Amino acid sequence: MIRKSAASDPQPFSGLTPEVVLDAAAAVGLDPDGRLFALNSYENRVYQLHGAGGTLVLKFYRPARWSDAQIAEEHAFTAELAAAELPVAAPLTLGGETLVRYREFRFACFPWLRGRAPELDAPEARQLLGRTLARVHQVGARRPFLVRPRIGIERFGWEARAQVLGSELLPEALHERYSAVSGALLERVTTTFAGAGEVAAIRLHGDCHLGNLLWNEHGPAFVDLDDCAMGPRIQDLWMMLSGPAREQQRQWGELLEGYSQFADLDLRELVLIEPLRALRMLHHAAWVAHRWNDPAFPRAFPWIGEPRYWERYLQDLLEQIEAIEDPPLLQARP
């Protein structure tokens, strides 16, 4: 039996040719000079545009992923961060709006931020990153999102699991095993979240990893808040740690040293790191499976179409159950 994934437009950007992108830019007065470069993005389509106004970035939103109201909250949060002199690319206002339309497409225009890949082992780099994230969170804590999603077990866990179980990418022979392992993992995630108690949710970057971070002469700069959401502060911190346990403890000490200068972290959130990692693992596989009919995804993730990927993935999920059951790797003060 072949299980079909949930409905997803297989060619959401088929009409978005370079000519259409340039026409869209011209239609809102950006005066492009014809130089256009596609940037790395899977969910949306993002382009570097050159013109009389300098270098800009156009982001064309995937149809039906976010509502206009959800995109408006993303833009408002980004503008709020920029107003607080935080290093983000805030959308430009074009004709009185930050979200504009051309034909069937919705897009926004952002300033081009220069920077390089972050080198967090440079002296004081993690402390500076910690201070910056604390300032982002202090702005995020002022008010909640009203229509943006929440990072939680239902959306990133159970809904993601259902998408994979309904996907043709999951081999039939592994269907029952995936169901059992992912269910057991989500039970552990649920228990750990419950044990942590009522942890405050604030507006977050939501997808704060090195790929969404640039570094310039002033320090870190955040380039994409497309996945901003309500969630615990630790969500924006844990992905900045990597390597063996002792190395992560050192990195955490540096990050927390900087963070604590501008904000307080509820240290109960430390037990949520491995559950949040588990949710990200479940969500990532579901995301790729759901988007598989978009030609960009098989090109970017060809291994997910192979049974051996799913066998290894199931082993990773089993190991993640053990990681959740182990004492937290990070302590309040390393």
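For the range 22-52, the set of residues classified as among the aliphatic types (A, V, I, L, M) and loosely packed, with under 14 Cβ neighbours inside 10 Å consists of Ala26, Ala38, Leu39, Ala52, listed by residue number. Of the listed requirements (1) at pLDDT below 95; (2) in a loop (DSSP other than H, G, I, E, B); (3) among the small types (Gly, Ala, Ser), Gly253 misses just one: (2). None of Glu269, Glu254 is touching a residue at least 60 places away in the same chain (Cβ under 8 Å) and touching an Asp or Glu at 6+ places or on another chain (Cβ under 9 Å) except Glu254. Scanning the range 125-135 for residues that are under 18 Å from Ala201 (Cα atoms) and either touching an Asp or Glu at 6+ places or on another chain (Cβ under 7 Å) or not in a helix (DSSP H, G or I) (or both) gives a single hit, Leu133. Taken together, Trp303, Trp292 contain a single residue that is free of Cβ contacts under 8 Å to residues at least 60 places away in the same chain, under 23 Å from Asn40 (Cβ atoms) and either touching a Lys or Arg at 6+ places or on another chain (Cβ under 8 Å) or assigned by TED's automatic domain parsing to the domain that holds Val189 (or both), which is Trp303. Scanning the range 201-223 turns up at least one residue that is more than 28 Å from Gly115 (Cα to Cα) and not polar (S, T, N, Q).
Please work out if Arg62 is in contact (Cβ under 8 Å) with a residue 12 or more places away in the chain and either surrounded by fewer than 18 Cβ atoms within 10 Å (Cβ to Cβ) or out of contact with any helix residue (DSSP H, G or I) (no Cβ under 7 Å at 6 or more places or on another chain) (or both).
Yes; evaluated as a whole, the condition is true for this residue.
Can you spot a residue in the range 150-161 that is out of contact with any Lys or Arg (no Cβ under 6 Å at 6 or more places or on another chain) and over 30 Å from Arg308 (Cα atoms)? Yes: one or more hits.
Let's see how each residue does on (1) at positive phi; (2) touching a residue at least 40 places away in the same chain (Cβ under 8 Å):
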{"residue": "Glu187", "(1), (2)": "no, no"}
{"residue": "Thr191", "(1), (2)": "no, no"}
{"residue": "Gly195", "(1), (2)": "no, yes"}
{"residue": "Gly206", "(1), (2)": "yes, yes"}
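Matching residues to (1) among the small types (Gly, Ala, Ser); (2) closer than 16 Å to Ser179 by Cα:
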| residue | (1), (2) |
| --- | --- |
| Val288 | no, no |
| Arg291 | no, no |
| Ala296 | yes, no |
| Phe301 | no, no |
| Ile304 | no, no |
| Arg308 | no, no |
| Arg312 | no, yes |
| Glu322 | no, no |
| Glu325 | no, no |
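The values are calculated or read from the model by the stated rules, or taken from the named source; none is laboratory data. Everything quoted here is computed from the prediction, not taken from an experiment. With ideal geometry, Cβ positions are generated from the backbone for all residues, glycine too; neighbour counts draw on all protein chains shown.
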